[in-house]
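A.B. asks: Please see the structure below; I have some questions.
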Amino acid sequence: MKTNLILKVGLFIALLGGLSACSKDNDPLEKQEKKNTYVGFSVRFPEAPTSRSGVLPSDYNDDGSISFDGRDSLLTLDIYLLSGDGQNLLDAKRFSNDDILYNYDSRNQTWWITTISPLLTSAGNRIIVAIFNSPTALLTTAPTDDYLFSLSTTPMSSLAKSFESPVNPGNMVDYIVMTGKSEVTEILDNVAPLDVAAGKNRVALDVRRIAARAIVTTNADTNLSTSVFSGKLSNLTYSVVQGANAVYRVMQESGSNVISWGYSYIPDETYLSSSSTASQYYDYSDLQYALPIPAKPASGAYTDLSGKFLLENTHVNGSYRKGNTAYILVRAKFTPDPASIVDGGALTDGTFYLGVSNDKIYSSVLAAQTSDIGIVGQKVKTYTNGIVMYFIWLNPDDISMPQYSPVVRNNIYHVNIKSFTNLGYNWNPLVPGDVPNPNPRPTNSHEPECPIDPVDPLSVSETYLEADITLLSWQLHSYDIDL
C-alpha cells in the first residue's frame, strides 16, 4: 500500500518599521548598537503543501492516499538574527504562546499566527534562524548548523512527544522541536510598516520537525501454522531501535544526501562485544519501552496513532548494514498447540524448544535430541517464555530485498503487518555488546550460531518484516509486510 501524507505549515517573517543603519563599517557589532528597525513575524499554515519535507530524492514507500496536516503544539518560537556570515549573533528573542495571535481564514480554510510584539533590530545582510519549542534557554551565541542535540543530555521527550490536549480531552497533540535557517538576506533601510505588506523585507526559510516518527499497525491473523507445527501469537508489541542518539539542530545536506549523526559508522566484528562503539551513535533505550501494536484502522487513518519518535539515521548508499540501520523490533508470545509439541511434555513458563534440523517443537532440549522423536546432536533454539521476535526496516528501498533504509526528520514511517508466516527469532542480535539486551542469546551449548550478522548488508538474510517559514509536511511512507 502506498500513501503520501503531507503536512505543510507556512511561517512568514514580516520586517516591520523603518530601517536605517549608519554604521561606519561592516562590523556587525557596530550595527547592533544602531538598532532602529522592528521585525515582526507571521506564521501561516497553508491549505496545501508546495514542497516536500527534506526527504531524499530517491525516497521509498510514499503514501499519497491520505492528507495529514499534523497536530502540532507551538509553545515557543526563538528567532535569531545573525550576521551575513552566520558567525555573530546580533539579536535574539523568544516568543511565547502568550505573544502569539491565532488567526483563521474561513474562505481558504487556513490558519496563521502573528507575533504581538516586534523585535528591534538593525539593517544589513542577515541570516535568520528559527527554532520552535526549543528544549534549551535562549542562546547567547550564534546557533551553529552542526550543533547536536544529544539524547544523553536532552531526552527524546524534550525533543518530541505526544500528549492529550488539555483543551480538547481525547485528542492528541504533538510537541516537537522544529528548526530552520534562511539564506543570506538583505534587510533594507527605511522600510515603513506599510511597505512590509507590499513585500519588502520579507525573509523566507523552511523549518522541519527535528524528529521522525514510526507507526506500526496490524491486520494479521495471529494463528500461525506451518507444515510442521501450529499455534497462536499474542501480546504483540513493538520497539523502535537504532535511530541516532543525537541530531543536528539544522538538517545537514550534501548534494542529494542527508547527513545524520553516525552517517559514516559501519559496524565491524566488535559489534556484539563490550568494545562495540555502536552505542556512541545509536539509541537502544526503546527496547525497554515496548508498546502494544494496534489494529490497522479500518479508515486507514493511521496518523491518528501516536507511534514512536526517533532521530534520523542515514548512510551513503552501499553502507547500510544491519548494525547501523534503524529497525522496528516486533515481539510476541507464541503458544504452540499441544499437538504440535512432539514429545507431549508440558512447557515451563511457556518456554519451548525448536529443533534446527527438523523444525519441530519440543518441551525440552533432551527430547529434541532424542533419536526416536528428535535428532541426536541437532542444534536447538530456546524460545524463552515463548517470546518470538521479528525485525522490520523502517523505509526499505525494496521490501523483499532491501539495500537502503534511510530515516529522515519530519517523516512518518508506517508499517502494517499483514501476516505472520514463520516463527521468528528467539533472541535479538542487533544490540551492541555494551548495551543491556532484554532478549539476549540463550547461554546453551546447543544454541545455533548468530542468526543475523550485524555487519551484513540489509538483504543478505531474512528479516522475518515545513519569516516566510515553511513547516514542511509530514511526509508519509507506508507499506504492508508479511512476517
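Values in this text are rule-based calculations from the coordinates and carry no lab data. In this text, all values refer to a predicted model and were calculated from it rather than measured experimentally. Cβ: placed from backbone, ideal geometry, glycine included. Neighbour counts: every protein chain shown.
A.B. asks: Between residue 356 and residue 482, with labels modelled 7 Å along Cα→Cβ, what's the label distance in nm to one decimal, could you check?
C.D. replies: Modelled inter-label distance: 2.6 nm.
A.B. asks: Provide the per-residue ³J(HN,Hα) series for the range 141-152, in order, calculated from phi with Karplus coefficients 6.51, -1.76, 1.60 and θ = phi - 60°, each as a whole number of Hz, with x at glycine and proline positions.
C.D. replies: Using θ = phi - 60°, the values come out as 10, 4, x, 7, 4, 8, 4, 10, 8, 9, 5, 6 Hz.
A.B. asks: So, one more: Calculate, in nm to one decimal, what residue 335 and residue 145 gain on full extension: separation in residues at 0.36 nm each, minus their alpha carbon distance.
C.D. replies: 63.3 nm
A.B. asks: Kindly rank 441-447, 313-319, 143-149, 324-330 from highest to lowest mean number of other beta carbons found within 10 Å of each residue.
C.D. replies: Highest mean packing first, the order is 324-330, 313-319, 143-149, 441-447.
A.B. asks: If the chain between residue 96 and residue 280 were fully stretched, how many nm would it gain, using 0.36 nm times the residue separation less the Cα-Cα distance?
C.D. replies: 62.8 nm
A.B. asks: Here is a follow-up. Quick one: what are the phi-derived ³J(HN,Hα) couplings along the range 217-224, Karplus 6.51/-1.76/1.60 with θ = phi - 60°, whole Hz, x for glycine and proline?
C.D. replies: Taking θ as phi minus 60°, the curve returns 9, 8, 10, 7, 6, 8, 7, 10 Hz for the range 217-224.
A.B. asks: Cross-chain or 8 or more residues apart, Cα under 13 Å: how many lysine pairs in the range 214-465 fit that? Count them up, please.
C.D. replies: Taking the range 214-465 as the scope, the lysine pair count is 4.
A.B. asks: Then there's this: How do 351, 140, 218 rank when sorted from fewest to most other Cβ atoms within 10 Å of their own Cβ?
C.D. replies: 140, 351, 218
A.B. asks: State the extension gain, in nm to one decimal, for the chain segment bounded by residue 253 and residue 444, taking 0.36 nm per residue of separation less the distance between their alpha-carbons.
C.D. replies: 64.1 nm
A.B. asks: Shifting gears a bit: Suppose each label sits 7 Å from its Cα in the direction of the beta carbon; what would the residue 157-residue 234 distance come out to in nanometres?
C.D. replies: 3.1 nm
A.B. asks: Can you pull the one-decimal nm distance between simple spin-label points at residue 370 and residue 125, each 7 Å off the Cα toward Cβ?
C.D. replies: A separation of 8.4 nm, rounded to one decimal place.
A.B. asks: Going 7 Å from the Cα of residue 171 in the Cα-to-Cβ direction, what parts of the range 283-315 have a backbone nitrogen less than 14 Å from that spot?
C.D. replies: 304
A.B. asks: Arrange 362, 175 by Cβ neighbour counts within 10 Å, fewest through most, would you?
C.D. replies: Fewest-to-most ranking of 362, 175: 175, 362.
A.B. asks: Once amide H atoms are placed 1.01 Å from N in the peptide plane, what residues at a sequence separation of 5 or more from residue 245, or on another chain, have their amide H within under 5 Å of its amide H?
C.D. replies: Here 282, 283 satisfy the definition.
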